[in-house]
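See below for the structure under consideration.
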Amino acid sequence: MNLNTLNPQQLEAVLHTEGPLLLLAGAGSGKTNVVTHRVAHLVGSKCVDPERVLAVTFTNKAAKEMQERVAALAGRSKTERIQISTFHSLCCRILRADIEHLGYKRNFSIYGASDQQRLIKDLMNTINPDHGLTPDAILWKISDAKNSLKSPAQFGPFMRGDVVGEMAQRVYPEYQKSLKSYNAVDFDDLIMLVVRLFDEFPEVQERYQERFQYIMVDEYQDTNIAQFTLMRRLASKWNNFCVVGDDDQSIYGWRGADPGNILDFEKHFAGAHVIKMEQNYRSTANILNAANKLIKHNKKRKEKVLWTAGSDGEKIGVVRCLDAEDETRAVIARIRHNVDAKRMTYKDHAILMRTNAQTMVFEQELRFADIPYVLIGGQQFFDRKEVKDAIAYLRFIVNPSDEVNLLRILNYPRRGIGRTTADLLIRTSISSKEPLWKVLRKARMITGINARAVDALEGFIALVEDHKSWFRGGRLAGTAKDLFAAIGLEAELRREPDSREKVERRIENVQEVINAIATYEERDGKPTLSGFLEKVALLDRDEPGSDSKEKKLAKDAVVLMSLHSSKGLEFPHVFLPGFEEGFLPHKKSVSEAFDVDEERRLCYVGITRAREKLTILHADARKKYGKAEPRELSRFLAEIPEEVRQEEARAGFHLTEGEGGGELSMSDMLAKLMGEEAE
């Protein structure tokens, strides 16, 4: 490991291993390099037992990259026992070992969004069939409570007339009881239950505190109350707690992230040492100056100034457009010019937007212009219905207490078990206080279930039991393939009234589930079906499937994505369209000063994604319900110094005095751009 490649601040961060450390890592300052060198230094130079080192981050991709880079620095034999994981993977591992203290079995299921919504919908209908609310709204309230470590008893009260809050208050306790009866937890429970485990069983907490002597947390500005509490508990014995982050990039307040965790680090951890990493290795000086001056308007922040040893670079382009279509054409003209004249690739360009509504016109015009693009976001692989149906069988085979997935697969594919039969089974389960799976086994004794349905139920039970034993015997992918064939999943998909192309794609997706199991079997030393399902449950939403973020970004295509999704990425040329009040800052945020601060941080993130060129665009008017409405320029543009920005004509040419004293006509500009004569 060569430490000579590090700058003075990076080197200090690597060598400072004892006591609490706050590493303020500005955008593009090489924090991943520092984090990996620091972990490698602990187990290499300082000879710390790898099992006593814990590094936590937010995504599986980041954890995997960190693991690989540490192994390259210090050797795989020394680093394979280091715990490098996401918050949720860490907590899942703790619960798999110790959840029995809380009355759960170790083979608990982890419910994803669709399972949660189905369960909450059933509970809402039981409480009030005429509620008129969506499960999503209730789930959001409950998730927010869990991220704040509020139990059902601590939840509320809500203002009179807050129908969502009142319903959530009634659903939350029943939801938790139902999850436990199904031996299931949801994503938010993973952290909340570990904190509860530590509260109720101090000896368990002491065991993990003793083990993890050195703890590091990446992206600390994104932690919520639950994550902060968990880490503070784990670090309290040795106090060798290093956090890495940038309060100026705290953009997830809407999902519970608390920038106060990083802003008040020195209050929470007495004697903390602070190191600022301000040298930027990504962007030009003009881009950094724009970002620095913008973010200074936020008063509640850690003072830092990004700088670069590189060149000033091009000034930031500011383009005034007539409307959304004109704005899109201005972006397309620049992309064409860069690809044709500058030999740039399509993937060198990113269009970053504040709202999803902005993407439609860009997709439409890029398609019309025959320019390849990828849209980051949207429905992901394991969110697709056919994939969730296939996974539901596997989840139930592992955990027969999982009644949500049992009801999902009971008559899918169709096998003659109708709604009336299902209702009878559910009512019998409730009245007898027996698990639904046990009730299914004695369906022949239940009055009202006809012989055809009984035969179908017994065939279903036999199919599940057979494949359960086959999965235990190994051959996970082969058994899954046999299971999907036995239930007739492909035939069921072919019966759906959709185009042949869509049906074939769905069948391919089911085959991809089998491929994913096979890949897991190849990579895991002791593969089990429950182990595979745990991997699926903990996957980041942007990771799985054939259309993952990484695969999309590898294509030579213009990138369309939200500002939130762009964090951590960089592109040679970045476009920020919709630089207007109502978009950026968003209309929902302008009434609250703190929210405007977060909008400014989001703008800062967008600016610092650009390496060589940044183009800001705004429109005079946009259509709303088919009628043009005037737009107001974003306040953030005035916060960017005039000396680093430059007005540009819509087709990509700077306005100069030698061009007739005014703006070129659109036809003239396009002619210059395309190398053709204007008509």
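Return the total of residues in segment 253-281 being open to solvent by 40 Å² or more (accessible area, probe 1.4 Å) and in a loop (DSSP other than H, G, I, E, B).
6
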Checklist entry - Taking into account only those residues within segment 139-180 that are small (Gly, Ala, Ser), assigned to a loop (DSSP other than H, G, I, E, B) and on the phi < 0 side of the Ramachandran plot, which is surrounded by the fewest Cβ atoms within 10 Å (Cβ to Cβ)? => result Ser151
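Residue by residue, here is whether (1) among the β-branched types (Val, Ile, Thr); (2) over 26 Å from Leu602 (Cβ atoms); (3) assigned to a strand (DSSP E or B) holds:
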position: Arg336; (1), (2), (3): no, yes, no
position: Val339; (1), (2), (3): yes, yes, no
position: Lys347; (1), (2), (3): no, no, no
position: Leu352; (1), (2), (3): no, no, yes
position: Val404; (1), (2), (3): yes, yes, no
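Identify, from the list Ala291, Ala324, Ala357, the residue that is without any contact (Cβ under 8 Å) to a residue 40 or more places away in the chain, under 30 Å from the mean Cα position of the chain (by Cα) and within 22 Å of Ser565 (Cβ to Cβ).
Step by step, each of Ala291, Ala324, Ala357 is checked, and only Ala357 is without any contact (Cβ under 8 Å) to a residue 40 or more places away in the chain, under 30 Å from the mean Cα position of the chain (by Cα) and within 22 Å of Ser565 (Cβ to Cβ).
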Item to check | Cross-chain or 6+ apart pairs with Cβ under 8 Å, segment 7-33 first and at positive phi, then among the β-branched types (Val, Ile, Thr) and open to solvent by less than 10 Å² (accessible area, probe 1.4 Å) | outcome: Gly28/Thr608
Checklist outcome for this item: Residues of segment 117-153 being under 30 Å from Gly260 (Cα atoms), at pLDDT 90 or above and not charged (D, E, K, R), in sequence order, are Ile138, Leu139, Trp140, Ile142, Ser143, Ala145, Asn147, Ser148, Leu149, Ser151, Pro152, Ala153
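Quick grid of which residues meet (1) over 25 Å from the mean Cα position of the chain (by Cα); (2) part of a loop (DSSP other than H, G, I, E, B):
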residue: Ala71; (1), (2): yes, no
residue: Lys105; (1), (2): yes, yes
residue: Ile110; (1), (2): no, no
residue: Gln116; (1), (2): no, no
residue: His131; (1), (2): yes, yes
Item to check | Single residue of Arg334, Arg395, Arg415 found to be of a type outside the set (Gly, Ala, Ser), in contact with a Gly (Cβ under 8 Å, 6 or more places away or on another chain) and buried (at least 21 other Cβ atoms within 10 Å of the Cβ) | outcome: Arg334
Checklist outcome for this item: All-but-one check, Ile430 against (1) part of a helix (DSSP H, G or I); (2) closer than 22 Å to Leu394 by Cα; (3) hydrophobic (A, V, I, L, M, F, W, C), failing number (2)
Checklist entry - So, of the residues in segment 529-548 that are open to solvent by 60 Å² or more (accessible area, probe 1.4 Å) and not small (Gly, Ala, Ser), which turns out to be modelled with the lowest pLDDT? => result Arg541
Next on the checklist: Test of understanding: among Thr59, Thr79, which residue is open to solvent by 10 Å² or more (accessible area, probe 1.4 Å) and farther than 27 Å from Phe201 by Cα?
Outcome noted: Thr59
Checklist outcome for this item: For segment 150-167, pairs from a residue that is closer than 19 Å to Asp188 by Cβ and of a type in the set (Val, Ile, Thr) to a residue that is open to solvent by less than 50 Å² (accessible area, probe 1.4 Å) and not in a loop (DSSP other than H, G, I, E, B), with Cβ under 6 Å and 6 or more apart or across chains, are Val164/Ala137
Checklist outcome for this item: Filtering segment 614-636 down to residues that are part of a loop (DSSP other than H, G, I, E, B), of a type outside the set (Gly, Ala, Ser) and open to solvent by less than 70 Å² (accessible area, probe 1.4 Å) yields Asp620
Item to check | Test result for Arg408, outside any loop (DSSP other than H, G, I, E, B), under 17 Å from Arg384 (Cβ atoms) and in contact with a Leu (Cβ under 6 Å, 6 or more places away or on another chain) | outcome: no
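The values are calculated or read from the model by the stated rules, or taken from the named source; none is laboratory data. Because the structure is predicted, anything quoted here is derived from the model rather than measured. Positions of Cβ are generated from backbone atoms using ideal geometry, with glycine treated the same way; all protein chains shown enter the neighbour counts. To get the accessible areas, we keep the full protein, side chains included, count just its heavy atoms, and leave off ligands, DNA and RNA. Shrake-Rupley method; radii C 1.70, N 1.55, O 1.52, S 1.80 Å.
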